[in-house]
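This report refers to the structure that appears directly beneath it.
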Amino acid sequence: MQTVHSIKQLRQIIRSWQQAEEKVGFVPTMGNLHQGHLSLVQKAKKCTDRVVVSIFVNPTQFGAGEDFSSYPRTDLEDQNKLYNAQVDVLFLPEKEEIYFTDASTEITVRGLSDSHCGTTRNGHFTGVATIVCKLFNIVQPDRAFFGKKDFQQLLVIRRMVRDLNIPVTIEAVPTMREADGLAMSSRNGYLTPEQTAQAPKLFQALQSARDAILVGNEKYTEIEQQQINWLRQFGFQPDYFSICHSDNLKPAKTSDTRLVIITAAILGKTRLIDNLDFIKA
Ligand code: AMP
């Protein structure tokens, strides 16, 4: 595996692959890699000839007062994991390589970016869409791999790619969980042992809501409120808990069949997100 810091060098390598008609897979990350990230890498390895992983803690997707400066940075461990996973290139740029100091272009995916996490994390999805678009232009992958864990992000990226005719196929990868159901996340490391024991309740709430819908309960607002109240008993401060259409995150109608239940809740100092998508027959 080669670790590359400059766009110029990365492009030289990728050009040589493209000349050999090799398909390029791309996995963008912010590092502090866990099994969830590595499942994206494994999928990329299966689907493409060459795999590029980027690690870049993107400042523009963090709001004021969020955890940009404390976000875990574990480059050496990450490098070892990617080497063992037989990644071809790790792209590890400095901020200066990515952003011009007088940059004046941003990408905003209107509508989809405004609800749920976009409400509390103002500007977050503009930061995400802009960096992902830039990385797509830098890497020019055939396929890019994103986790369903960040379901709203996945929809924002898909919409951006569609609207801007970006020639890349977006692949969604299922959420990797701990044995107790907690979705793996770099932010789980912020939890105290007591909070770690409570955290799986977020997924349990999603499962209970899904089960209620699958046995025919159509009172979606009541189901949402019940689960919010249940989570509060265990010290969560739920930000939202919403039953939505899984194509657009609009509140689900009882006639909708493609559903996702999406939630964010603060536990101690940590903001956890999770979701569960399913088909209602
Ligand atoms: P991050 O480093 O948190 O920006 O995540 C990089 C990519 O890994 C994104 O596409 C995430 O959705 C994905 N990801 C994060 N956690 C998981 C997980 N537990 N299972 C699957 N994919 C994940």
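The values are calculated or read from the model by the stated rules, or taken from the named source; none is laboratory data. Being a predicted model, the structure only gives us computed values, none of them experimental. For neighbour counting, all protein chains shown are included, and Cβ atoms are generated from backbone atoms with ideal geometry for every residue, glycine included. Just so you know, the surface numbers come from the protein's heavy atoms only, side chains and all, with ligands and any DNA or RNA stripped out. Shrake-Rupley method; radii C 1.70, N 1.55, O 1.52, S 1.80 Å.
Kindly indicate which of ALA205, ALA199 is under 24 Å from THR270 (Cβ atoms) and over 20 Å from the mean Cα position of the chain (by Cα).
Selected residue: ALA205, the only one of ALA205, ALA199 that is under 24 Å from THR270 (Cβ atoms) and over 20 Å from the mean Cα position of the chain (by Cα).
For beta carbons closer than 6 Å, sequence separation of 6+ or different chains, a first residue in the range 256-281 that is outside the structural domain of PRO200 (by TED's automatic domain parsing) and a second that is part of a strand (DSSP E or B) and aromatic (Phe, Trp, Tyr), there are no qualifying pairs. Quick check on my filter: what residues within the range 253-269 are within 24 Å of the chain's Cα centre (by Cα), open to solvent by 20 Å² or more (accessible area, probe 1.4 Å) and closer than 11 Å to LYS280 by Cβ? THR257, ARG258 - these are the residues of the range 253-269 that are within 24 Å of the chain's Cα centre (by Cα), open to solvent by 20 Å² or more (accessible area, probe 1.4 Å) and closer than 11 Å to LYS280 by Cβ.
Tell me, please, whether a residue that is open to solvent by less than 70 Å² (accessible area, probe 1.4 Å), closer than 22 Å to VAL168 by Cβ, within 15 Å of the ligand (Cβ to nearest atom) and not in a strand (DSSP E or B) can be found in the range 62-74. No: the range 62-74 contains no residue that is open to solvent by less than 70 Å² (accessible area, probe 1.4 Å), closer than 22 Å to VAL168 by Cβ, within 15 Å of the ligand (Cβ to nearest atom) and not in a strand (DSSP E or B).
Please go through the range 205-239 and pick out each residue that is in contact with a Leu (Cβ under 9 Å, 6 or more places away or on another chain) and either open to solvent by 60 Å² or more (accessible area, probe 1.4 Å) or part of a helix (DSSP H, G or I) (or both).
In the first step, residues of the range 205-239 are kept if they are in contact with a Leu (Cβ under 9 Å, 6 or more places away or on another chain); the result is 205-207, 209-210, 213, 227, 231, 234-238.
Selection gives ALA205, LEU206, GLN207, ALA209, ARG210, ILE213, GLN227, LEU231, GLN237.
Show me the helices (runs of 4 or more DSSP H) found entirely inside the range 75-131 where at least 3 residues are open to solvent by 70 Å² or more (accessible area, probe 1.4 Å) and without any contact (Cβ under 8 Å) to a residue 12 or more places away in the chain. Hits in the range 75-131: 75-84.
Restricting the range 186-204 to residues that are within 18 Å of VAL260 (Cβ to Cβ) and touching a strand residue (DSSP E or B) at 6+ places or on another chain (Cβ under 7 Å) leaves a set whose member that is least open to solvent (accessible area, probe 1.4 Å) is LEU202.
Mind listing just one residue for me: the one in the range 19-49 that is part of a helix (DSSP H, G or I) and closer than 15 Å to ILE170 by Cβ and, of those, nearest to the ligand (Cβ to nearest atom)? Spell out how you get there, then give the answer.
Residues of the range 19-49 part of a helix (DSSP H, G or I): 19, 35-47.
Right, trim to closer than 15 Å to ILE170 by Cβ and you get 40, 43-44, 47.
Details: LEU40: 5, LYS43: 10, ALA44: 11, CYS47: 15 Å.
Among residues in the range 19-49 that are part of a helix (DSSP H, G or I) and closer than 15 Å to ILE170 by Cβ, the one nearest to the ligand (Cβ to nearest atom) is LEU40.
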